[in-house]
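Just below is one structure, and these are the notes that go with it.
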Amino acid sequence: MFDDLPVDVTSKSSLSGDSSQLTAEGMLLQLADGTTVACNSSAERILGYTASQIQQWSNTDFPWQMIHEDGSSVSYQTHPAIVALQTGKPCLNVVMGFYQPSGKLVWLRLNSQPLFQANRSSPYAVVTSFYDITQQKLQQSGKHSLVEVTSENLLQHQALLNTAREALRHSEELFRLAINHIPDVFVIYDAQRRFQFVNQAGLTLSGKQPQDLLGRTDDQVFPPEVTASYLPILQRAIETKTEQTGECTITLPDTEPYTIVVQYVPMLNIQGEIQQILGITYDITERKQKELKLQQNALYDSLTGLPNRVLLTENIKYSLQQAQQKNDYLFAVLFLDIDGFKEINDSLGHLQGDQLLVAIASRLSNCIRSVDIAARLGGDEFVILLVGIKNLSDAIQIAERIQQELAHPCKLDGQEVFISASIGIALSSTLDYDLPEDLLRDADMAMYRAKTQGKARYELFTTDLEEMRYKF
């Protein structure tokens, strides 16, 4: 698959800085069980095995012999590809010696990158790329001897390459088929961030054709509002020459926003310079939606959509902190109970009772400012949090507005229903409050006094109610 990228061992323009580097990048694709399913022709040439032989390798049957730089043997479990599969993390810039079938030792620099499916924590495959650095190793050890490169040698070399590529055409098609059928976007950039390869998932998601992308950069193809979230991550990978990962929200034309995790892995040559960058994108939109739903269920009432007790308590706690930091900061808690709701619910049925609660929630929301909070504690109990008010009159004004709003009949399936509410008001300055629960308790006591005084009214929590609390 990777042979049709702009890497050609016969072209000096494809060499990465060193004219003596006459080897292209070998690449293998292995599944999670260690089975090798595809390779490119450079892999066959470097390793000395045919594609059919390589594709027979598995985690229980592997004929290769490899050594570390210190001469010790490489076990199956310590091979970079297997490490990447087992840890789920890239294994980069590993130098190992590989014995070809002829017994010749070639030194390789390997990079193994795991591939993941959406919503899966374990990789399902791994891509390993490698370069032949034998000459460089010999030069470093002082054992390198110059070899005369003749025109005949080059012609023989070219003929061998052509024969290998023809024989491995089927393998190349298999490799492309495998990459194009993974559900994640897989791209390859050159060192200047130009697209060299985009798999089918990437083409489908972007709505582009290969000719629209290859040889161009992201910002030449997509508008800034699309690239702004992920290009800084790619740029950071280029600047640091290290793997970079980040979460982004993308909005393409004519599509719903979706959330992705991007992972960029720079592939370095023997000089330590970036030759290519692998980019893998995992779509986590479904997972984020589930997380948002869980958060919604944890903080909001499922029937009315209002904040629930948990979120209300957090907001009261924040208001208490504000009051402790600012002497003139004032807020109020209004506790509402719908008068006679049980009788209404029993006579109309629970379905229409729920519809009534939804209508009440909407009316309460219309009575307050955007900075205030209307919450449902459960049943027919609601709480209003009024923040940053000037004085008690502000709280009383909202209580009266709520009474007026609730006095209008509600129509449920053509039937008019009249309701009212008893309201208790607790002002943050009444006592030296420390806990949200204390404010809710005192507002609740004031609400019960309103009920005993005739309902459809409001009462303020005062010190005399505090004395009654201690009596009970």
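What the table below lists for this structure:
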| read-out | value |
| --- | --- |
| Leu348 vs. criteria in contact (Cβ under 8 Å) with a residue 12 or more places away in the chain, closer than 30 Å to Cys410 by Cα, touching a Phe, Trp or Tyr at 6+ places or on another chain (Cβ under 7 Å) and not aromatic (Phe, Trp, Tyr) | no |
| Positions within the stretch 387-403 being under 10 Å from Ile368 (Cα atoms) and without any contact (Cβ under 8 Å) to a residue 40 or more places away in the chain, in sequence order | Arg401 |
| Residue count for the stretch 405-414, restricted to those that are open to solvent by 30 Å² or more (accessible area, probe 1.4 Å) and either under 22 Å from Leu427 (Cα atoms) or of a type in the set (A, V, I, L, M) (or both) | 1 |
| Counted residues, the stretch 388-404 - those being of a type in the set (Asp, Glu) and open to solvent by 60 Å² or more (accessible area, probe 1.4 Å) | 1 |
| Close pairs (8 angstrom Cβ cut-off, 6 or more residues apart or separate chains): on the phi > 0 side of the Ramachandran plot in the stretch 270-292, of a type outside the set (Ser, Thr, Tyr) and open to solvent by 40 Å² or more (accessible area, probe 1.4 Å) anywhere | Gly272/Lys241 |
| Scan of the stretch 268-300 for residues that are of a type in the set (Gly, Ala, Ser) and assigned to a strand (DSSP E or B), ordered by number | Gly279 |
| Residue check for Leu356: among the aliphatic types (A, V, I, L, M), touching a residue at least 60 places away in the same chain (Cβ under 8 Å) and in contact with a Leu (Cβ under 7 Å, 6 or more places away or on another chain) | yes |
| First in the stretch 228-248 and in contact (Cβ under 8 Å) with a residue 12 or more places away in the chain, second anywhere and part of a loop (DSSP other than H, G, I, E, B), Cβ under 6 Å, 6 or more apart | Glu243/Pro90; Cys248/Ser229; Cys248/Tyr230 |
| Any pair with Cβ under 8 angstrom, 6 or more apart, that starts in the stretch 70-82 at a residue that is closer than 18 Å to Leu28 by Cβ and hydroxyl-bearing (Ser, Thr, Tyr) and ends at one that is part of a loop (DSSP other than H, G, I, E, B) and open to solvent by 10 Å² or more (accessible area, probe 1.4 Å) | Tyr76/Asn59; Tyr76/Phe62 |
| Selected residue (criterion: surrounded by the fewest Cβ atoms within 10 Å (Cβ to Cβ)) from residues of the stretch 211-244 that are among the β-branched types (Val, Ile, Thr) and outside any helix (DSSP H, G or I) | Thr242 |
| Test for Leu357: is it open to solvent by less than 50 Å² (accessible area, probe 1.4 Å), among the hydrophobic types (A, V, I, L, M, F, W, C) and out of contact with any strand residue (DSSP E or B) (no Cβ under 7 Å at 6 or more places or on another chain) | yes |
| Residue check, Ile384 free of Cβ contacts under 8 Å to residues at least 40 places away in the same chain, surrounded by 15 or more Cβ atoms within 10 Å (Cβ to Cβ) and of a type in the set (A, V, I, L, M) | no |
| Residue count for the stretch 117-137, restricted to those that are part of a loop (DSSP other than H, G, I, E, B), open to solvent by 10 Å² or more (accessible area, probe 1.4 Å) and more than 17 Å from Val37 (Cβ to Cβ) | 5 |
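The values are calculated or read from the model by the stated rules, or taken from the named source; none is laboratory data. Quantities reported herein were computed from a predicted structural model and do not represent experimental measurements. Glycine also receives a Cβ, built like all others from the backbone with ideal geometry; neighbour counts cover every protein chain displayed. Quick note on the areas: whole protein, heavy atoms, side chains included, nothing else; ligands and nucleic acids left out. Shrake-Rupley method; radii C 1.70, N 1.55, O 1.52, S 1.80 Å.
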